[in-house]
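Asks: Here it is, the structure in full.
Every number here is computed from the coordinates shown, using simple stated rules; none is lab data. The shown structure was predicted, so the numbers you read here are calculated from the model rather than taken from an experiment. Cβ atoms come from the backbone with ideal geometry, glycine included; neighbour counts cover every protein chain shown.
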Amino acid sequence: MFNLVIFGPPGAGKGTQSIQIAGKYRLAHISTGDIFRSEIRNQTPLGLKVSGIIERGELVPDELLIDLLRSAMRKCTDVRGFVFDGFPRTLRQAADLDHLLEEDGEKVNLTLALEVEDQELITRLLIRAQREGRKDDTQEVIANRLNVYQNQTSPLIEYYKKQGKFKAVRGQGTIDEIFDRLCTEIETSLSSR
Ligand code: AMP
């Protein structure tokens, strides 16, 4: 299997690129943000529990992620690997993911980070707010999400660098240009296995 983490701050384009990558390499796309939004729409107990947290731009507690992820992965049978989008977001989640993959004799093969300047992120998120009406795309919540990314998620860069699995890719330009850059890294990684 080939297991890929798409990494980056909110607004970096993780969702857009993950969908394209999953299509091209026939990987299963798992977005924890999409899973939570669906739980909220369906007003499930989990949705009700997390909706306030997400609206404030905070992270859902780590304990709630691992079971969610395990069941999302188990639903995908006969896959060539996964694209993890928006997960892991903390060191604890990264360790949990490693253990979960180890249960199946697997590992994270590559982490690709989309690098985008803060001002560009804010502009993109405000445009998305108008288009999609996401409640966590207001100016105040965006600022909070960028802080949360800096404090809780960016330490993962070192975590994956130490394992030699981290590649940064410029996340600015057209969607196709960025996709090409990501594919180049994926193919390098696939051919070196
Ligand atoms: P996203 O669509 O990935 O930007 O996620 C939207 C929101 O869902 C985040 O701001 C968090 O509140 C929550 N969320 C998504 N994935 C995670 C995760 N791995 N850990 C904690 N919270 C998450």
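Asks: Please state the relative contact order of the chain as a whole percent: Cα pairs under 8 Å, 6+ residues apart? Could the numbers behind the result be given before it?
Replies: Working: 252 pairs, mean separation 62.2, N = 193.
Relative contact order for the chain comes out at 32 percent.
Asks: Could you identify which residue out of Thr44, Thr32, Thr90 has the top mean-square fluctuation in a GNM of the chain using Cα springs shorter than 10 Å?
Replies: Sorting by GNM fluctuation, first place goes to Thr44.
Asks: Further question: Considering only Pro61, Pro155, Pro45, give the residue with the highest GNM mean-square fluctuation for the chain, with springs between Cα atoms whenever their separation is below 10 Å.
Replies: The residue that fluctuates most here is Pro45.
Asks: Among Asn147, Asn42, Asn109, determine the one that fluctuates most according to a GNM of the chain built with springs between C-alpha atoms less than 10 Å apart.
Replies: Highest fluctuation among the options: Asn42.
Asks: For the stretch 31-67, state which trypsin sites (Lys or Arg not before Pro) are in a DSSP loop and have at most 15 other beta carbons lying within 10 Å of their beta carbon. Please list the in-between numbers first.
Replies: Values: sites: Arg37, Arg41, Lys49, Arg56; in loops: none.
Sparse-neighbourhood loop trypsin sites (Lys or Arg not before Pro): none present.
Asks: When only alpha-carbon atoms are used, what values of Rg and Dmax, in angstrom, describe the chain?
Replies: 16.0, 45
Asks: What number, in percent, do you get for the relative contact order of the stretch 79-174 if the mean sequence gap of Cα pairs under 8 Å and at least 6 apart is divided by its residue count?
Replies: Numbers: 66 pairs, mean separation 41.2, N = 96.
Relative contact order for the stretch 79-174 comes out at 43 percent.
Asks: I've got another one for you. How many times 2.2 N^0.38 Å is the alpha carbon radius of gyration of the stretch 26-113? Mind dumping the intermediate values first?
Replies: Numbers: Rg = 13.2 Å, N = 88, 2.2 N^0.38 = 12.1 Å.
Normalised Cα radius of gyration, the stretch 26-113: 1.10.
Asks: Starting from the Cα of Gln43, step 7 Å along the direction of its Cβ; do the same at Arg26; then give the gap between the two resulting points in nm.
Replies: Taking the two extended label points, one gets 4.2 nm.
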